[in-house]
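The values are calculated or read from the model by the stated rules, or taken from the named source; none is laboratory data. Keep in mind the model is a prediction, meaning the values are calculated, not measured. No Cβ is skipped: glycine too gets one built from the backbone with ideal geometry, and neighbour counts run over all protein chains shown. Heads up: the accessible areas ignore ligands, DNA and RNA and are worked out on the full protein's heavy atoms, side chains in. Shrake-Rupley method; radii C 1.70, N 1.55, O 1.52, S 1.80 Å.
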Amino acid sequence: MDYMYAEIIIPLALPKNYTWSVPPSLSQAVQPGVRVEVELGKNKRYAGIIKQLHTQAPTAFETKDILNVLDSQPIVFPMQLKLWEWIASYYMCSEGEVMAAALPAHFKLSSETLLVFNEEFGDDFSSLDNEEFLVAEALLLKKELAITEVQQVLDESHVYPVIKRLIEKKLCFIWESLKEGYKPKKETFIRLSPAYEAEEKLEDLLNNWGRAAKQLELLLSWIHLSKADGEVSKAALLKKSGASDAQLKGLIEKGILIAEKREVDRLRYLPRDINIDFQLSEAQESAFRQANQLLEDHSVCLLHGITSSGKTQVYIKMMEAMTRKGKQTLYLLPEIALTSQIIRRLEKHFGGYIGIYHSKFNQNERIEIWNKVRSGELKIVLGARSALFLPFSDLGLLIVDEEHDSSYKQQDPAPRYHARDTAIYYALQQQARVLLGSATPSLESYFNAVNGKYGLVELHERFGGVHLPEIALADTQKDNAKNRSKTIVTESLKKDIADTLGREKQVILFQNRRGYAPYQICQVCGWIPHCHDCDVTLTFHKKTNKLHCHYCGRLYPLVYRCQACGSDKFAQKNFGTEKIEEQLEELFPEARIARMDVDSVRGKHAHDTLIQQFENRRIDILVGTQMVVKGLDFENVHLVGILDADSLLGFADFRVNERGFQLMEQVSGRAGRKDTRGKVVIQAFNTRRPLLKLVQQHDYRAFYQLEIEGRKRFFYPPFSRLIQLTFKHKSKEIAGAASRWFADMLHPLYGRYLLGPAEPVVNRLRGQYLMELSLKLPKDAGLTARCKKEILEKIAILHSEKKFRSVVVIPDVDR
């Protein structure tokens, strides 16, 4: 039999996968998709995934043996491994980086340094100092300690000098071990002893009870719970009875009750049931039928429905059809904030068939969902972009809701993939279908739909016959002149808010800046506080009373004196969500006001709590950033205010008009979703912008025609494919020199497609200077593949130059 070799993916950014040999003792246990323990370098161990097995021995190096097989069954399927390979190839990263993003942390075993007690040293610690003695005593007791445990013993973080001395004295030695983080959750359940299972025996016990009244109450509580719930957990029993651990222990010691530990799910699931309790409108029914027909001939269909047209109900009917066929559905959403409201609607219809997956779950919860998807137990998964990596066994449909949203594109770290485009590739692999949905589709998707690459279904009316909101433009130029400062809420908007509150309706105000004041400026010389590590102004946050850098997260104390001229006269410019909230509290003291941004909603359930409070009308005015605009459905909202439209349209980016239109139209869509027509007020300094008129008319088609002509004229997507290269280095000169060297190397073959190099708008982040080089390539798959290969080869050559060795080059495809 030929000796077997394994190509293994490990969670490192290696340009190609490494090969290990399979020892005969493990040959029956290895298969693609299982994790194995391998050693790379001298002592570093990793848990890798076998990609493929083969008999071709590498000629350039001598292979090491696989040390251990960690799974009896694959944790990922061949389809997932192919998806990883495609992502790595298309988005110019390594399969190891894709693996690191795809797997829950507890599947990625890490190398832990352990201190192991040397038994030959004995227990004579008289030669040790105080710190050494404390560690030695703990080692004698436990036999091995992790570095973190040593830190706890000594109550300090810098423990390496102590460890070094103990190793030199041969009291302990180092051992590199792989430890798996995931452990099934166990819960204690209480059951009745078999001696009292017969009804007459239990009755006799209760009738002849002695003095322990609290124990009797505890037993009666167990009887009640067992009849209601079947199984009785220890926690539920103690809560209901109000008894203590000691009292329960007394009943167990008497042989009346028995305690046993069992593995339980961390996440509670409802009974598996399909309950569709609504009828589609005529327009929705037509869209549903059209989408199904188009998906017979197209792998992708775009559902373009105006805000509140009832797209979610069409999705539910599509999911019902898939579930009844026994197939799985993945429902993607751009933001975690959206999942909490929609999961409540879907659980009502699909019960335990549906699960939810996103980054707010802890790692143990993620593994449980992973395993339920792999086994096919979960038929519908609702999640953010990372849910794409789940191991679906029989995927039939992928729904990408709010498909236009920029949150679907991963920024940092690699892989910098676009979840919508990756979903389309994944569906082709799985022979599944993709339904894209949006009120404001991306130009690329709408272009593909009108040109026949995708199917196209359109919903032009709101559910229930409700009209689209009236949109009024408020000119802040007049209010600014009157108040001699930037207006937060114009007089006309104040009047509309007061009128809305008087009708017991709710208000949403949108401003895409968090914090209190985006910057402060010296009124004498114009100096503005900047972050020391980033080329950006600092934002004042009143809650922390500090200046924040929104790029690197660094905090600075407030500045009271100008560092340039010494003046103490500062003015706070512009406004964020904190300042809006403060002014609203002054203007409307009786109103209940809340804020929804990254700073105010932290933690797993924070989004959901705030959304439910607003749904239940315990909040009158909700101030927020983008979080408040993305598909949330509040039936009592009458008024929506966009406080600074100019800030949405002031970026140097070819997508600025597209994103501005999408944001304003999506915000507008939150108003008047039920019964009465809503109102939207857009505040702007320049109300004559053509884009604002198109938003006012809710005219997506006219916007598309206008924007697509500009894209064609200047050769931007969807007519070209963009690859951006970012060069990072702590020296501005070296970053610039590296980008110019790279441009010179690419120029002979791709000169006509090159843009730059140039400094980005923010040219320094976290102490690293940035330079950008872009390529606008024709949509030719062969040319794009050759260009990517050339870029990766040139990066390797660049790093062979001594002065450029530490330059970081980041390729970003379809940015």
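Laid out as a table, the results:
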{"quantity": "Some residue of the stretch 463-471 being open to solvent by 60 Å² or more (accessible area, probe 1.4 Å) and among the aromatic types (Phe, Trp, Tyr)", "calculated": "yes"}
{"quantity": "Count of the stretch 557-581 residues which are surrounded by fewer than 19 Cβ atoms within 10 Å (Cβ to Cβ) and outside any loop (DSSP other than H, G, I, E, B)", "calculated": "3"}
{"quantity": "Selection from the stretch 1-39 of residues that are touching an Asp or Glu at 6+ places or on another chain (Cβ under 7 Å) and open to solvent by 10 Å² or more (accessible area, probe 1.4 Å)", "calculated": "ALA13, ASN17, THR19, PRO23"}
{"quantity": "One residue from ALA136, ALA88 being under 12 Å from LEU166 (Cα atoms) and crowded, with 17+ Cβ neighbours inside 10 Å", "calculated": "ALA136"}
{"quantity": "Strands (runs of 3 or more DSSP E) wholly inside the stretch 455-556 containing at least 1 residues that are of a type in the set (S, T, N, Q) and within 30 Å of GLN768 (Cβ to Cβ)", "calculated": "519-522, 539-541"}
{"quantity": "Test: residue in the stretch 456-472 that is closer than 30 Å to HIS298 by Cα, at pLDDT 90 or above and of a type outside the set (Asp, Glu)", "calculated": "yes"}
{"quantity": "Residues located in the stretch 390-408, provided they are over 13 Å from VAL76 (Cα atoms) and open to solvent by less than 20 Å² (accessible area, probe 1.4 Å)", "calculated": "LEU395, GLY396, LEU397, LEU398, ILE399, VAL400, ASP401, GLU402, GLU403, ASP405, TYR408"}
{"quantity": "Matching entry among ALA432, ALA387, ALA427 (being buried (at least 17 other Cβ atoms within 10 Å of the Cβ), over 22 Å from ASP297 (Cβ atoms) and not acidic (Asp, Glu))", "calculated": "ALA387"}
{"quantity": "Total residues in the stretch 647-699, condition open to solvent by less than 10 Å² (accessible area, probe 1.4 Å), modelled with pLDDT of 80 or more and of a type in the set (D, E, K, R)", "calculated": "1"}
{"quantity": "Qualifying residues in the stretch 43-64 (those that are touching a residue at least 60 places away in the same chain (Cβ under 8 Å) and within 33 Å of the chain's Cα centre (by Cα)) - the one most open to solvent (accessible area, probe 1.4 Å)", "calculated": "LYS44"}
{"quantity": "Tally, over the stretch 224-255, of residues that are among the β-branched types (Val, Ile, Thr) and at pLDDT 85 or above", "calculated": "1"}
{"quantity": "Where a residue in the stretch 536-548 is more than 30 Å from GLU759 (Cβ to Cβ) and its partner, wherever it lies, is at pLDDT 80 or above and surrounded by 14 or more Cβ atoms within 10 Å (Cβ to Cβ), with Cβ under 6 Å and at least six apart", "calculated": "LYS542/GLU578"}
{"quantity": "Residue match in the stretch 27-42 (condition: in a loop (DSSP other than H, G, I, E, B), touching a Ser or Thr at 6+ places or on another chain (Cβ under 6 Å) and within 21 Å of ALA101 (Cα to Cα))", "calculated": "no"}
{"quantity": "Which numbered condition ASN636 fails, given (1) at pLDDT 80 or above; (2) polar (S, T, N, Q); (3) open to solvent by 20 Å² or more (accessible area, probe 1.4 Å)", "calculated": "(3)"}
{"quantity": "GLU119 being more than 40 Å from the chain's Cα centre (by Cα) and open to solvent by less than 20 Å² (accessible area, probe 1.4 Å)", "calculated": "no"}
{"quantity": "Number of the exception - ALA283 against (1) part of a helix (DSSP H, G or I); (2) within 22 Å of GLY396 (Cα to Cα); (3) in contact with a strand residue (DSSP E or B) (Cβ under 7 Å, 6 or more places away or on another chain)", "calculated": "(2)"}
{"quantity": "Residues located in the stretch 9-52, provided they are closer than 21 Å to TYR91 by Cβ and among the β-branched types (Val, Ile, Thr)", "calculated": "ILE9, ILE10, ILE49"}
{"quantity": "Single unsatisfied condition, ALA235 versus (1) in a helix (DSSP H, G or I); (2) of a type in the set (Gly, Ala, Ser); (3) open to solvent by 50 Å² or more (accessible area, probe 1.4 Å); (4) over 27 Å from GLU365 (Cα atoms)", "calculated": "(4)"}
{"quantity": "Conditions (1) buried (at least 22 other Cβ atoms within 10 Å of the Cβ); (2) without any contact (Cβ under 8 Å) to a residue 60 or more places away in the chain; number of the one not met by GLY641", "calculated": "(2)"}
{"quantity": "The lone exception for SER127 - which of (1) at pLDDT 85 or above; (2) among the hydroxyl-bearing types (Ser, Thr, Tyr); (3) in contact with a strand residue (DSSP E or B) (Cβ under 6 Å, 6 or more places away or on another chain) it fails", "calculated": "(3)"}
{"quantity": "Total residues in the stretch 65-85, condition β-branched (Val, Ile, Thr) and either surrounded by 21 or more Cβ atoms within 10 Å (Cβ to Cβ) or under 15 Å from ALA387 (Cβ atoms) (or both)", "calculated": "2"}
{"quantity": "Candidate set from the stretch 747-791 (those that are in contact with a Lys or Arg (Cβ under 7 Å, 6 or more places away or on another chain) and not in a strand (DSSP E or B)); member that is nearest to VAL813 (Cα to Cα)", "calculated": "THR784"}
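To keep it simple, each residue is scored yes or no on (1) out of contact with any helix residue (DSSP H, G or I) (no Cβ under 8 Å at 6 or more places or on another chain); (2) of a type in the set (A, V, I, L, M, F, W, C).
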site	(1), (2)
TYR700	no, no
PHE703	no, yes
PHE719	no, yes
GLN724	yes, no
LYS728	no, no
PHE742	no, yes
HIS747	yes, no
LEU770	no, yes
LEU783	yes, yes
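Residue-wise test of (1) of a type in the set (Phe, Trp, Tyr); (2) in contact with a Cys (Cβ under 9 Å, 6 or more places away or on another chain); (3) surrounded by fewer than 18 Cβ atoms within 10 Å (Cβ to Cβ).
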{"residue": "ILE723", "(1), (2), (3)": "no, yes, no"}
{"residue": "GLU733", "(1), (2), (3)": "no, no, yes"}
{"residue": "SER739", "(1), (2), (3)": "no, no, no"}
{"residue": "PHE742", "(1), (2), (3)": "yes, no, no"}
{"residue": "LEU765", "(1), (2), (3)": "no, yes, no"}
{"residue": "LEU770", "(1), (2), (3)": "no, no, no"}
{"residue": "LEU775", "(1), (2), (3)": "no, yes, no"}
{"residue": "GLU801", "(1), (2), (3)": "no, no, yes"}
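Rundown of residues vs (1) over 19 Å from the mean Cα position of the chain (by Cα); (2) part of a helix (DSSP H, G or I); (3) over 30 Å from LEU694 (Cα atoms), yes/no style:
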{"residue": "ASP412", "(1), (2), (3)": "no, no, yes"}
{"residue": "ARG420", "(1), (2), (3)": "no, yes, no"}
{"residue": "ILE424", "(1), (2), (3)": "yes, yes, yes"}
{"residue": "VAL434", "(1), (2), (3)": "yes, no, no"}
